[in-house]
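K.L.:
For reference, the structure I am asking about is given below.
The values are calculated or read from the model by the stated rules, or taken from the named source; none is laboratory data. Everything quoted here is computed from the prediction, not taken from an experiment. Glycine also receives a Cβ, built like all others from the backbone with ideal geometry; neighbour counts cover every protein chain displayed. Surface areas here come from the heavy atoms of the whole protein model, side chains and all, with no ligands, DNA or RNA. Shrake-Rupley method; radii C 1.70, N 1.55, O 1.52, S 1.80 Å.
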Amino acid sequence: MYKIFHAVLKELRLLRRDLLGFAIIFLMPVVLIITITFIQNSVENNSARIQLPVLLVNLDEGDLSKKVIENLETNNNIKIISEIDGEAITENSGRGLIAKGTQKVLIIIPPEFSDFIQNQTDIHVNRLMSTVVPDMEVEGDTESNTLTKEVQIHFDPAISSSIKSNIKGAIESMISELESKAIYETFERELDADLSFLTEQKLVVFKEYSVSVNEIDIAPTAVQHNLPAWTLFAIFFIVIPLSINIVKEKNQGTYVRLKTLPVSSFHLMLSKIIVYLLVCMIQFYLMLMVSVFLFPIIGLPALDVEGKLIGLTVVALFSGLAAIGFGVLIGTFAKTHEQAAPFGATSVVILAAIGGLWFPVFAMPETMQMIAKVSPMNWALEGFYDVLLRSAGLISLAPNLLLLLTFFIINITIAVAYEKKINQL
Amino acid sequence: MTNSVEIKNLSLKYSGTDFKAIDNLNLTIRKGEVLGLLGPNGAGKTSLISILTGLIKPNEGKVIIEGLETSKNIEGIRKLIGVVPQEYALYPKLTAKENLMFFGSMYGVRNPVLKQRVEEGIEQMGLSKFSNKRMDTFSGGMKRRINLLAGVLHRPQVIFLDEPTVGVDVQSKRVIIEYLNQLNGVGTTIIYSSHLLHEAQTFCSRVAIIDHGVIQIEGPTQEVLISEGRVKSLEEIFLENTGKKAKEYV
């Protein structure tokens, strides 16, 4: 213990003497979480207000296309534009604007769109009526045909696939609703009955619930999603200063003396583990304090940590251990600063990507989902989400914590074994 | 007088080469002796010290230090030896005192003894005014003095010094040699490698000239200096034993 105490003291002093490095270690994660949360929160808030300009060319003269346009105009996220500078948009001018990237979306409603829908509806209804009421005298054509009418949607290639899906989905759902309405109206006409109740009453409604382990309903905020991801990112970035610290010591004369001291590699390593774990925890609490106290002051949603502080601390502690284990391993194997720094940085970014810090794991290809399951950042992220969003207790956290601890032990064991091998007499 | 260090049939060949850095070397150093390990560059001095201090494993032979065999009890030996490497083995961002407190504590020396030894050592080295200054503000000579202190705070029975006075001013050299003489005066065995033959001639009670990993000549300094019926300088003896080959290592 005596030797470890003095080795810890030495590491703390070395860290304190590098003021710039010290500031970077603690300030950068704070700057990171403020910046990311601020941007993400702004995007989320603004997404409700942002209106996507959509060019519309209506070549139909019927009522149904007018209804389509009316419905599109009621959509708060879309702004319908039919003319620019007093000139009506044509098929060609619209396509030209999309091709240049000046405009993002163009919808072209084909000629005789309304007549086509009405005719097709009549055909389907008449056919159905003649089947259900054989004696009934039905007017009009009963022969169904497979003709379709094409509503063209042109997109700027630079537009994101999610916006494309949203626009396509909104139009498809709207047209489908109009088709249903047309069918009901045809039935009403044929049967001479009032069927308006069928369209006025919604049979299914949707309501969003958040499910937690303790059955406490929590509405997740951007901060609750952001804090774990960026905290983990910052914690794992400890890999870089730690591995550089180890490499630097190896390349100094002190390494020769350290190897001749009556103290094991593990004891010396332990002092680094203790100090850097302390750094990780300070980073974590700083980010937590920023999320709880600073965010509401700068207009961001505050993080609610009531009843979750112990759980969050435990997850941060085990995440720190996993990160330190990885850093020690890199520092042990790397021979130069040039090897340790880029490898450390790149591997942390890769681990973050496959761990689901930037993109949800469920959205990844199956192989990547399998890889994500063996990523320490994923275990840690799930641990944080368990505490923050699912109100999980320590027992529920145990599997992920155990995985993080195992990762730490494996890394340290390999590092100690390697050190022992190269120092073996 | 009992033996402090016994080297028996020691050989070392670095992997990937046929060159033998140490070739079947035998040497005995008695307790309280100051052995000067001399030789041209690449002769095998640093390799030998690395083996003796447990940094490198030899291919053949054995080393016994204070009755303990290095291959069997290196942990026990590390408590008995002090190592002063040629490089400044100190943390540049720590003060002289902080460096010494750290290395002393790693040898298991506890307070208040450690604190007392650090303060006394710094005073003996004439650096009391600088004890709380960072090492990166020290001159080469000042660093050498602290480098020496860091290896002897636990009062080792055997000290290994690799070029302890290389590149330092006369004042620092004198302080270092005086301090080493003082340690030797209380029975500490000193094994010292150097290129400074004049210094070795006056400081060492015994010398061993090594070349091509083999001891060329070895014995009490005064006996080694007598050759062909007359007293020669250590430089003459050195050149006679290594001179023709020395150019190969330049």
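K.L.:
Given C-alpha coordinates of the range A:210-348, what is the ratio Rg to Rh with the Kirkwood estimate of Rh? Each step should come with its number before you reach the end.
P.N.:
Values: Rg = 18.6 Å, Rh = 16.9 Å.
A ratio of 1.10.
K.L.:
With a point put 7 Å past each Cα toward its Cβ, work out how far A:Lys335 is from A:Leu191 in nm, to one decimal.
P.N.:
Rounded to a tenth, the inter-label distance reads 8.6 nm.
K.L.:
Need one number: nm distance between label points at A:Ser165 and A:Asn77, each 7 Å from Cα along Cα→Cβ, rounded to one decimal.
P.N.:
Result for the modelled spin labels: 1.1 nm.
K.L.:
If the viscosity is 0.890 mPa s and the temperature 25 °C, what Stokes-Einstein diffusion coefficient in µm²/s follows for the range A:327-425 when Rh is the Kirkwood radius over Cα pairs? Mind showing how you got there, number by number?
P.N.:
Numbers: Rh = 15.2 Å.
Taking Rh from Cα pairs, D becomes 161 µm²/s.
K.L.:
Where q = 0.17, 0.18 Å⁻¹, what log10 of I(q)/I(0) comes from the Debye formula for the range A:1-137, counting one point per Cα?
P.N.:
-1.01, -1.06
K.L.:
Further question: Considering only C-alpha atoms, what is the centroid distance from the range B:1-56 to the range A:302-353, in Å?
P.N.:
44
K.L.:
Can you find, among A:Leu294, A:Phe407, A:Leu329, the residue farthest towards the positive end of the dipole of chain A? Put +1 on the C-beta of Lys and Arg, -1 on that of Asp and Glu.
P.N.:
A:Leu329
K.L.:
Have a look at the DSSP beta bridges in chain A and tell me what percent are antiparallel, nearest 5.
P.N.:
Working: 6 of 15 bridges.
Expressed as a percentage, antiparallel bridges in chain A total about 40.
K.L.:
Counting only heavy atoms of protein chains, what accessible area per residue, in Å², does the range A:297-392 have with a probe of 1.4 Å?
P.N.:
Details: 4220 Å² over 96 residues.
I get 44 Å² per residue for this part.
K.L.:
List every residue whose amide H lies under 5 Å from the amide H of B:Ile159, counting only residues 5 or more places away in sequence or on a different chain, with H placed 1.01 Å from N in the peptide plane.
P.N.:
Amide H neighbours of B:Ile159: B:Gly82, B:Thr189, B:Ile190, B:Ile191.
K.L.:
Still on this structure, please answer the following. Can you run the Rg to Rh ratio on the range B:14-125? Use alpha carbon positions and the Kirkwood inverse-distance Rh. Provide the component values of the computation, followed by the final result.
P.N.:
On the way: Rg = 17.0 Å, Rh = 16.7 Å.
Ratio of gyration radius to Kirkwood radius: 1.02.
K.L.:
Here is a follow-up. What number, in percent, do you get for the relative contact order of chain B if the mean sequence gap of Cα pairs under 8 Å and at least 6 apart is divided by its residue count? The partial results should precede the final answer.
P.N.:
Details: 460 pairs, mean separation 66.1, N = 250.
That works out to 26 percent.
K.L.:
Chain pair A, B: how much accessible area is buried, both chains summed, with a 1.4 Å probe, in Å² to 100?
P.N.:
Values: alone 24500 and 12410 Å², together 33880 Å².
Chain pair A/B: roughly 3000 Å² of buried accessible area.
K.L.:
Return the sequence-ordered ³J(HN,Hα) values of the range A:99-107 in whole Hz as given by the Karplus equation 6.51 cos²θ - 1.76 cosθ + 1.60 applied to θ = phi - 60°, using x for Gly and Pro.
P.N.:
Karplus values, whole Hz, x for Gly and Pro: 4, 6, x, 5, 10, 9, 9, 9, 10.
K.L.:
Please report the antiparallel percentage of the DSSP beta bridges confined to the range A:36-132, to the nearest 5. Provide the component values of the computation, followed by the final result.
P.N.:
Numbers: 2 of 11 bridges.
Beta bridges within the range A:36-132, antiparallel portion: roughly 20 percent.
K.L.:
Provide the descending list of Cα extents for the range A:2-42 along its principal axes, expressed in whole angstroms.
P.N.:
51, 19, 5
K.L.:
Counting only protein heavy atoms and a 1.4 Å probe, tell me what percentage of the protein assembly as shown's accessible area is made up of carbon and sulfur. If you can, show how the numbers build up before the last one.
P.N.:
Numbers: 19560 of 33880 Å².
Of the solvent-accessible surface of the protein assembly as shown, carbon and sulfur hold 58 percent.
K.L.:
Using θ = phi - 60° and the Karplus curve 6.51 cos²θ - 1.76 cosθ + 1.60, what whole-Hz ³J(HN,Hα) does each residue of the range B:45-62 get, with Gly and Pro shown as x?
P.N.:
Result, rounded to whole Hz: 4, 5, 4, 5, 5, 5, 5, 5, 8, x, 8, 10, 9, x, 6, 9, x, 9.
K.L.:
Kindly provide log₁₀ I(q)/I(0) values, in the same order as q = 0.14, 0.26, 0.30 Å⁻¹, from the Debye equation applied to equal alpha-carbon scatterers of the range A:230-286.
P.N.:
-0.46, -1.06, -1.22
K.L.:
Would you mind giving the average projected area, over all directions, of the Cα convex hull of chain A in nm² with one decimal?
P.N.:
Working: hull surface 122.8 nm².
Spelled out: convex hull of the Cα atoms, projected over all directions, averaged, 30.7 nm².
K.L.:
Given q = 0.12, 0.21, 0.24, 0.30 Å⁻¹, what are the Debye log10 I(q)/I(0) values for the range B:93-153, with equal point scatterers placed on the Cα positions and solvent ignored?
P.N.:
-0.23, -0.71, -0.93, -1.40
K.L.:
GNM on chain A, C-alpha springs below 10 Å: top fluctuator among A:Leu242, A:Leu55, A:Leu388?
P.N.:
The residue with the greatest mean-square fluctuation here is A:Leu55.
K.L.:
How much FRET efficiency would the formula 1/(1 + (r/R0)^6) give for A:Leu309 and A:Leu9, where r is the Cβ-Cβ distance and R0 is 41 Å, rounded to 0.05?
P.N.:
Working: r = 29 Å, r/R0 = 0.71.
The pair A:Leu309/A:Leu9 has a calculated efficiency of 0.90.
K.L.:
Sticking with this structure for a sec: Can you list residues from other chains, or at least 5 along the same chain, whose modelled amide H is less than 5 Å from the amide H of B:Ser71?
P.N.:
Correct list: B:Val63.
K.L.:
On to the next question. At 20 °C and 1.002 mPa s, grab the translational diffusion coefficient of the range B:1-41 from Stokes-Einstein with a Kirkwood Rh over Cα pairs, rounded to a whole number in µm² per second. Walk me through the numbers before you get to the answer.
P.N.:
Numbers: Rh = 12.0 Å.
Answer, rounded: 178 µm²/s.
K.L.:
If you count only protein heavy atoms with a 1.4 Å probe, what accessible area per residue comes out for chain B, rounded to a whole Å²? Working shown, then result.
P.N.:
Values: 11000 Å² over 250 residues.
Computed with neighbouring chains in place, this is 44 Å² per residue.
K.L.:
Let me see the pair-distance distribution of chain B: every alpha carbon pair, 5 Å bin width, integer percents in order.
P.N.:
Result, from short to long distances: 1, 6, 13, 17, 19, 17, 13, 9, 4, 1, 0, 0 percent.
K.L.:
Let me spell out the model: positive unit charges on the Cβ of Lys and Arg, negative unit charges on the Cβ of Asp and Glu, origin at the Cα centre of the range B:107-250. What dipole size does that give, in debye rounded to 20? Numbers along the way, then the final one.
P.N.:
Details: 18 positive and 17 negative charges, 133 e Å.
Dipole size: approximately 640 debye.
K.L.:
Mean shadow of the range A:381-425, computed from the convex hull of its alpha carbons, in nm²?
P.N.:
Values: hull surface 14.4 nm².
In nm², the orientation-averaged hull projection of the range A:381-425 is 3.6.
K.L.:
Report the Stokes-Einstein translational diffusion coefficient (µm² s⁻¹, integer) for the range B:1-70, Rh taken as the Kirkwood radius over Cα pairs, at 37 °C with viscosity 0.692 mPa s.
P.N.:
Values: Rh = 12.5 Å.
In µm²/s, the coefficient is 262.
K.L.:
Same structure again: Where does each of A:Asp85, A:Asp304, B:Asp211 land when they are ordered by accessible area, with a 1.4 Å probe and the largest first?
P.N.:
Working: A:Asp85 150, A:Asp304 80, B:Asp211 0 Å².
Result of the area sort, largest leading: A:Asp85, A:Asp304, B:Asp211.
K.L.:
Anyone know which of A:Ile159, A:Ile273, A:Ile297 comes out most mobile in the 10 Å Cα GNM of chain A?
P.N.:
A:Ile159
K.L.:
What residues of the range B:49-65 lose no less than 20 Å² of accessible area with every protein chain in place versus their chain by itself (probe 1.4 Å, heavy atoms only)?
P.N.:
B:Gly54, B:Leu55, B:Lys57
K.L.:
Under the 0.36 nm per residue contour assumption, what length would be gained going from the current alpha-carbon distance of A:Ile350 and A:Leu20 to full extension?
P.N.:
Values: separation 330, 0.36 × 330 = 118.80 nm, distance 2.66 nm.
Full-extension gain reported as 116.1 nm.
K.L.:
Further question: Compute, for chain B, the length of the dipole vector about the Cα centre, with Cβ point charges of +1 (Lys, Arg) and -1 (Asp, Glu) only. Units Debye, rounded to 20.
P.N.:
Details: 31 positive and 27 negative charges, 156 e Å.
Here chain B has a charge dipole of around 760 debye.
K.L.:
Whole-Hz ³J(HN,Hα) for each residue in the range A:302-318, computed from phi via Karplus 6.51 cos²θ - 1.76 cosθ + 1.60 with θ = phi - 60°, x for glycine and proline: what do you get?
P.N.:
7, 8, 8, 10, 4, x, 10, 4, 5, x, 5, 4, 5, 5, 4, 4, 6
K.L.:
List every residue whose amide H lies under 5 Å from the amide H of B:Glu60, counting only residues 5 or more places away in sequence or on a different chain, with H placed 1.01 Å from N in the peptide plane.
P.N.:
Residues meeting the criterion, in which the H sits 1.01 Å from N, are B:Ser11.
K.L.:
Threshold 40 Å², probe 1.4 Å: give the residues of the range B:92-110, in number order, that are less accessible with all protein chains present than with their chain alone.
P.N.:
Those are B:Lys93, B:Leu94, B:Glu98, B:Phe102, B:Phe103, B:Ser105, B:Met106, B:Tyr107, B:Arg110, which lose 40 Å² or more relative to the chain on its own.
K.L.:
Let me ask another. Do the sum for chain B: with -39,500 (n - 2.57) for every DSSP H run of n ≥ 4, divided by all residues, what is the mean residue ellipticity at 222 nm, to the nearest 500 deg cm²/dmol? Please list the in-between numbers first.
P.N.:
Details: 9 runs with 90 residues, N = 250.
Helix-only estimate at 222 nm: -10500 deg cm²/dmol.
K.L.:
For the pair A:Glu177 and A:Val132, what calculated FRET efficiency results from E = 1/(1 + (r/R0)^6), where r is the Cβ-Cβ distance and R0 = 22 Å, to the nearest 0.05? Please list the in-between numbers first.
P.N.:
Working: r = 24 Å, r/R0 = 1.09.
Efficiency at R0 = 22 Å is approximately 0.35.
K.L.:
Next question. Do the sum for chain A: with -39,500 (n - 2.57) for every DSSP H run of n ≥ 4, divided by all residues, what is the mean residue ellipticity at 222 nm, to the nearest 500 deg cm²/dmol? Kindly include the intermediate steps, with their values, before the conclusion.
P.N.:
Working: 16 runs with 275 residues, N = 425.
Taken over chain A, the calculation gives -21500 deg cm²/dmol.
K.L.:
Given Cβ point charges of +1 (Lys, Arg) and -1 (Asp, Glu) and nothing else, what value in debye, to the nearest 20, does the dipole of the range B:54-104 about its Cα centre take? Before the final figure, lay out each step's value.
P.N.:
Numbers: 7 positive and 6 negative charges, 23 e Å.
Computed about the Cα centre, the dipole is about 100 debye.
K.L.:
Compute a Gaussian network model of chain A, connecting alpha carbons closer than 10 Å, and tell me which residue from A:Asn41, A:Asn75, A:Asn245 fluctuates the most.
P.N.:
Between A:Asn41, A:Asn75, A:Asn245, it is A:Asn75 that shows the largest mean-square fluctuation.
K.L.:
Which whole-number percent gives the relative contact order of the range B:15-143, counting Cα pairs below 8 Å spaced six or more residues apart?
P.N.:
Details: 81 pairs, mean separation 22.4, N = 129.
It rounds to 17 percent for the range B:15-143.
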